[in-house]
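**Student:** Would you mind keeping the following structure in view while I ask a few things?
The values are calculated or read from the model by the stated rules, or taken from the named source; none is laboratory data. In this text the structure is predicted, and so the values were computed from the model without any measurement. As a convention, Cβ positions derive from the backbone with ideal geometry for all residues, glycine included, and neighbour counts pool all protein chains shown.
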Amino acid sequence: MGDLFANLYFGFSVSLAPYNLLACFMGVFVGTAIGVLPGLGPVATMSLLLPITIKMEPTAAIIIMAGVFYGAMYGGSTTSILLNLPGEASSVVTTLDGYQMARQGRAGPALAICAWGSFIAGTLGVLGITLMAPALAEMAVKIGPPELVALLCLSFLLVIQFSGGSRPRAAASALLGFLLSTVGLDPVESTPRYDFGTFTLMDGVGFAPLVIGLFGISEVLINLEKSEKMEVFKGRIKGLWPTRQDWRDSAPAIGRGSIVGFFMGILPGMGTIVPPFLSYSLERRISKRPEKFGTGVIEGVAGPEAANNSATAGSMIPLLTLGIAPSAAVAVLTAAFLTHGVQPGPLLITEHPAIFWGVVTSMYTGNALLLLLNLPLVGMWARLLTVPYRYLWPLILLFCGIGAYSVSNNPVDVLLMAVFGLLGYMMRKMNYPGAPLVLAFVLGRLFEEKVRQSLVISRGSYETFIAHPLALLAWIASAILLLYPFFLRGKRTPHFPAEEEE
Amino acid sequence: MRKFAPPAALLAVSILMGWFAHRLGLGSITRPEPGFFPFWICAGLAATSVYLMTRHLRQSPEDEAPTESESVFTLDRFRRVLSVMAGTALFGLLLEFSGFLATTFIFMAFCWLVIDRQPLFRGLLISAVASAAAFVLFVKLLNVHFPRGLLGF
C-alpha cells in the first residue's frame, strides 16, 4: 500500500507539471468538443493529433490523446440530451431518457447527472487501473510468445463477436487488417512484402493514413449525406444541480454502471458501446418502474453514462498490462506509444514509470477538469451545435490531410488516406465494421512475430500453443466463442451499433 | 448482386495477394518464411468471402434490397464522394509543388465553391481566412514542417 501511495505521489508530480497539466486540459477540451459535435469521433481525432504530438514529450503526448478519448464520452451526452442525436456511438442509449427529460424541461438535471455520473465512474475506473494494473503487469511479464498468441487470438475473436453486425463480415474486415499489416518488411527476416517496388510501401502502410481515412474521411462522406435540419433544444438550461431525489434515484445506477462498464471495458471488442446498453438493460430489469424507461427517468441516463466512462478506464488495462488494444480508440493510443518509441505492455511500469503513473494520475485530474468544463460551460457547448456542418467538413478534411501528411512528410500518405477513406465509406455502407480491421492491423505484426517465434522455438510443434495453462484456457474460451453462435441459431441476439457508427 | 460485390472483390484480392505470398516462399511449419503468414491470411479471407457470397446468393431479392443508409450509387451521392476524393487527392498532389498555404487555399475553395456551391465571394473569403488560420496554427504555432513550394511559403 505504501508503494501505491508513493507511486501515486510520483505520478501526480509528473502529471501536475505545468506542461503536462496543459496537455491534459487540451486533451479533455478537444475531447469534449468532438464529443459534442456529431461528425468527428474520438478515433479519427486521436489519429489527427498523432502527428501533431510527435514533437511533444511522450508523457504529454499520451496524456493529451487519453484526454481526447475519455473527454469525448462526456461531450457525447450533451448532443444526446439536447438534440436526440448521439455525439458518439457510446451515447446512443442516453438519447432514450435524456432527450425525454429535456422535453419535459429537465435538461439541466439530465446534463448534470451525466457530468457527475461520468466524473464518479471515470474516477472509480481510474482507481481500478491504479489498483489492478501493477499486479496484472507483474503477472503478464511471465507470459511467453505461445500464451500471447492464444490471448491475441481470443482478443480477435471477441472483437469479431462484439463489433456489431454480421460476424463473417467482421471476420473479413479483421483478415483484411491482418493482410494490410503484412505490407512492408517481414518482421523476422526483413524481406520486403507487397511493396510493388515502392519505397513508401516498403515501410509498410502508415497507421495515420489508414485510421484517418477509415474513420475521418468516411465519417465526413457519411455526414454529407445527412440532412442538416437538426432540432436543437431551445429552452434555457437551468437546474444544473440535481435534486436530492435525483441523487437518490441515480446513485445506485451510477455505482452499478461503473462496475459493469469497467469490467466490460477490459474485454476486447466491447469498447465503450456495449457497456451502456448492458447498464441500461440492467437498470430497467431491476427497476421498480421499468415501464417508465424511455419516458425520461434519470436512472436511464445515469447508469449508461457511468458505464461508458468507466469502460474507457477499463479498456486501458489490457493496453497498459499486456500491450493489447481492446478497441479502435485504444489502438490509436497504442500507435501513440509506439510512435514515441515506448512499448506498451507488462514492462511499461518498470521501464517508463513516469509515463505510466503520469498518464494514470492525469486521468484523475482530467476527470475533475471535465466536470468543470461540462457543467458551467454547458451553454457554450450547446451553442457549438448551432455551427452548420457545411462550414465544418472542409476544415475536418483539411485536418485529415495535414494529419496524414505530417507523420512522415510524404504526400503519398495523403493519397493513401483518400483510398482508405473510400474503403471506409464503402465498408460502412455495406455494414462491414472498421474496428476489427484497425485492431488486426495494429496487432497483426506482433501476432505474426509471436507465431513464428513460437514455431521456431518449438521446432514446429503445435503443442507449444497449449502447453501453458493460460494459453489452454484462452483456446478453450476461443473455441466456445467460435461455436456458441451455432447453438444459438434461430434465437434473437442483441444488436449493438458498430464502434464508428453515429 | 449489390451485397455480392464486396465479398467477390475480397476474394479477388485474397487470390492475388495469396499468389504474391506464395511467390515469396511459404517455408515449412518448423521454419516459416515471409510468405507463410500472408498466405494463410489470404486463405482465410478467401474462405470467408466464399461463405459470404454463398450466403448472399441464397438470400431472397427482398433481403437484397438496400436500405436508405446503405444505398451508395445514387448519382448525386456518387458525384459528391468522387468530388471529395478528388479534392483530397489534389491536396496531396499539389502540396510539394505549390506549398502549404496556396494548396490549402485551393483545397478549401474547391470544397466550398465546387462541392458545396457557396456563393463566390463568401467561398473565397472563408477559404482565405481558413487557410491563413491553418497556416498560423500548424506552421507557426505547432511548427509542423510543410513543403514551401514555388511561392516560398
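**Student:** I need the full set of residues from the stretch A:165-219 which are aliphatic (A, V, I, L, M), within 9 Å of chain B (Cβ to nearest Cβ) and assigned to a helix (DSSP H, G or I), in order please.
**Tutor:** A:171, A:172, A:175, A:176, A:179, A:217
**Student:** Would you pick out the residues in the stretch B:7-29 that are assigned to a helix (DSSP H, G or I) and either among the hydroxyl-bearing types (Ser, Thr, Tyr) or in contact (Cβ under 8 Å) with a residue 24 or more places away in the chain (or both)?
**Tutor:** The answer is B:7, B:8, B:10, B:11, B:13, B:14, B:15, B:17, B:18.
**Student:** Could you pull out the residue among A:355, A:349, A:324 that is outside any helix (DSSP H, G or I) and farther than 30 Å from residue B:94 by Cβ?
**Tutor:** On inspection, the qualifying residue turns out to be A:324.
**Student:** I'd like to know if the stretch A:283-296 contains one or more residues that are in a helix (DSSP H, G or I), crowded, with 24+ Cβ neighbours inside 10 Å and touching a residue at least 40 places away in the same chain (Cβ under 8 Å).
**Tutor:** no
**Student:** Step by step: first the residues of the stretch B:103-133, then only those that are among the small types (Gly, Ala, Ser) and touching a Phe, Trp or Tyr at 6+ places or on another chain (Cβ under 8 Å), then the one that is farthest from the other protein chains (Cβ to nearest Cβ). Which residue is that?
**Tutor:** Per the stated criteria, the residue is B:128.
**Student:** From (1) at negative phi; (2) within 20 Å of the chain's Cα centre (by Cα); (3) at the interface with chain B (Cβ under 8 Å from one of its Cβ atoms), pick out the condition that doesn't hold for residue A:418.
**Tutor:** Of the numbered conditions (1) at negative phi; (2) within 20 Å of the chain's Cα centre (by Cα); (3) at the interface with chain B (Cβ under 8 Å from one of its Cβ atoms), the odd one out for residue A:418 is (2).
**Student:** Give A:404, A:435 a once-over and let me know the one that is within 18 Å of residue A:328 (Cβ to Cβ) and at the interface with chain B (Cβ under 10 Å from one of its Cβ atoms).
**Tutor:** A:404
**Student:** Regarding the stretch B:34-41, can at least one residue be identified that is within 8 Å of another protein chain (Cβ to nearest Cβ) and part of a loop (DSSP other than H, G, I, E, B)?
**Tutor:** Scanning the stretch B:34-41, I find at least one residue that is within 8 Å of another protein chain (Cβ to nearest Cβ) and part of a loop (DSSP other than H, G, I, E, B), so the answer is yes.
**Student:** Taking the stretch B:100-153 as the region of interest, how many residues are farther than 14 Å from residue A:399 by Cα, touching a residue at least 40 places away in the same chain (Cβ under 8 Å) and either in contact with a Cys (Cβ under 6 Å, 6 or more places away or on another chain) or not in a helix (DSSP H, G or I) (or both)?
**Tutor:** Summing the residues that are farther than 14 Å from residue A:399 by Cα, touching a residue at least 40 places away in the same chain (Cβ under 8 Å) and either in contact with a Cys (Cβ under 6 Å, 6 or more places away or on another chain) or not in a helix (DSSP H, G or I) (or both) in the stretch B:100-153 gives 7.
Rundown of residues vs (1) without any contact (Cβ under 8 Å) to a residue 60 or more places away in the chain; (2) surrounded by fewer than 24 Cβ atoms within 10 Å (Cβ to Cβ); (3) at negative phi, yes/no style:
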| site | (1), (2), (3) |
| --- | --- |
| A:142 | yes, yes, yes |
| A:156 | no, no, yes |
| A:174 | no, no, yes |
| A:192 | yes, yes, yes |
| A:211 | no, no, yes |
| A:214 | no, no, yes |
| A:218 | no, no, yes |
| A:222 | no, yes, yes |
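**Student:** Separate question: Is it the case, given these coordinates, that residue A:370 is of a type in the set (A, V, I, L, M, F, W, C), more than 14 Å from every other protein chain (Cβ to nearest Cβ) and free of Cβ contacts under 8 Å to residues at least 24 places away in the same chain?
**Tutor:** No; evaluated as a whole, the condition is false for this residue.
**Student:** What number of residues within the stretch A:85-108 satisfy the criterion of being of a type outside the set (D, E, K, R) and farther than 21 Å from residue A:246 by Cβ?
**Tutor:** Here the count works out to 6.
**Student:** Test each condition in (1) farther than 17 Å from residue A:405 by Cα; (2) at pLDDT below 85; (3) crowded, with 24+ Cβ neighbours inside 10 Å for residue A:179 and report the one that comes out false.
**Tutor:** (2)
**Student:** Within the stretch A:376-385, is even one residue over 30 Å from residue B:6 (Cα atoms), touching a Pro at 6+ places or on another chain (Cβ under 9 Å) and away from chain B (no Cβ under 14 Å)?
**Tutor:** Checking the stretch A:376-385: at least one residue is over 30 Å from residue B:6 (Cα atoms), touching a Pro at 6+ places or on another chain (Cβ under 9 Å) and away from chain B (no Cβ under 14 Å).
**Student:** Could I ask something else about it? Quick test of your reading of the structure: residue B:16 fulfils all but one of (1) loosely packed, with under 15 Cβ neighbours inside 10 Å; (2) at the interface with another protein chain (Cβ under 8 Å from one of its Cβ atoms); (3) of a type in the set (A, V, I, L, M). Name the failing condition by number.
**Tutor:** All conditions are met except number (2).
**Student:** Right, another one. Of all residues in the stretch A:28-70, which are within 13 Å of chain B (Cβ to nearest Cβ) and farther than 28 Å from residue A:379 by Cβ?
**Tutor:** A:50, A:51, A:52, A:53, A:54, A:55, A:56, A:61 - these are the residues of the stretch A:28-70 that are within 13 Å of chain B (Cβ to nearest Cβ) and farther than 28 Å from residue A:379 by Cβ.
**Student:** Answer yes if at least one residue in the stretch A:446-466 is hydrophobic (A, V, I, L, M, F, W, C), within 14 Å of chain B (Cβ to nearest Cβ) and within 30 Å of residue A:219 (Cα to Cα), and no otherwise.
**Tutor:** yes
**Student:** Return the pairs, sorted by first residue and then second, in which the second residue is crowded, with 21+ Cβ neighbours inside 10 Å and hydroxyl-bearing (Ser, Thr, Tyr), the first residue lies in the stretch A:394-409 and is assigned to a helix (DSSP H, G or I), the beta carbons are less than 7 Å apart, and the residues are 6+ apart or on different chains.
**Tutor:** Every condition considered, the pairs that remain are A:397/B:88; A:398/B:104; A:401/B:88; A:403/A:47.
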